[in-house]
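Single-structure report; data block below.
No lab work stands behind these numbers, since they all come straight from the coordinates. Predicted, not measured: the structure shown is a model, and the values here were computed from it. Virtual Cβ from ideal backbone geometry, glycine too; neighbours counted across all protein chains shown.
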Amino acid sequence: MTRHLTATREEWLAARLELLAAEKALTRRSDELARQRQALPWVRIDKAYRFDTEEGRVTLGDLFQGRSQLLVYHFMFGPDYKAGCPSCSAIADGFDGIAIHLANHDVTLMAVSRAPLATLQAYKRRMGWTFPWASARDSDFTADFNVSFTEAQQREGQVEYNYQRGGHAMDATQVPEPVTRFAATCGTDAPTYSRDRPGLSAFVLEEGVVYHTYSTYARGLDGLWSMYQWLDRAPLGRNESGPWWRRHDEYGAG
């Protein structure tokens, strides 16, 4: 016998209609937040960032691939990683299905990481992905958008991430267990793993000038985790006490 609340169909419908009102209110609030994002002022990008891609060495403007809008997913794959972050990999599993739709709505979806291009391409083949992925291995791009940090910044607790400066110092006594575990799956240690962080940045190209329009980090990326959008609608919800996900080719591996 279930311990969960049960009801008649009529009682369920009454509760569902009450929830529907709350869901509609959340949708309207979400629409308003989207309008606020789009109303943010733009910041002109004058620095000459360079990236390694399958098409060769390119500029930030080239990453738009002829479109006017660019969404960059800052994928945690540092230069010393042997594999991409499992969390970023779970998010990226949803990219191929939407990239074609975005491309036909004047938006390019691009992943950017610090690992060398050959390493990214090898991992991309392993995962079976086709979305474009650029290497910023010798560029200030990831540092300027607050998703990569130096060992000194980390040691001194001067990391600025998710619009907060200070803190984030890390030594062997401060490393959460999931970070240690994820670092090991990437073939590195926790401090090295943590010098790269996830994020999303948006850009627009207008009259030959690139502008930065928006960036989000940490829980701001929740909406990109397509599996969570489904779990939030499943009977038991997220039903987790910690990170449980793996790369999609590692389930059942023991």
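Given points 7 Å out from each Cα along the Cα-Cβ axis, report the residue 130 to residue 7 separation in nanometres with one decimal. Each label point lies 7 Å from its Cα, and together they span 4.5 nm. Rounded to the nearest 10 degrees, the inclination of helix 117-127 to the longest alpha-carbon principal axis of the chain is 30 degrees.
Shown for 119, 6: other C-beta atoms within 10 Å of each C-beta, ranked fewest to most, produce the order 6, 119. Estimated purely from DSSP H runs of n ≥ 4, each contributing -39500 (n - 2.57), the mean residue ellipticity at 222 nm for the chain is -9500 deg cm²/dmol once divided by its residues.
Other residues with beta-carbon under 9 Å from the beta-carbon of residue 146 carry, at +1 per Lys or Arg and -1 per Asp or Glu, a net charge of -1. Per-residue 3J(HN,Hα) values for region 209-215, derived from phi via the Karplus relation 6.51 cos²θ - 1.76 cosθ + 1.60 with θ = phi - 60°, read 10, 9, 10, 8, 10, 6, 9 Hz in sequence order (x marks Gly and Pro).
Please go through region 1-86 and write out the GluC sites (Glu not before Pro) that DSSP classes as loop and that have at most 13 other C-beta atoms within 10 Å. The partial results should precede the final answer.
Details: sites: 10, 11, 18, 23, 32, 54, 55; in loops: 54, 55.
Listed in order of number, the matching sites are 54, 55.
Angle of helix 9-38 to the longest C-alpha principal axis of the chain, folded into 0 to 90 degrees and rounded to 10: 20°.
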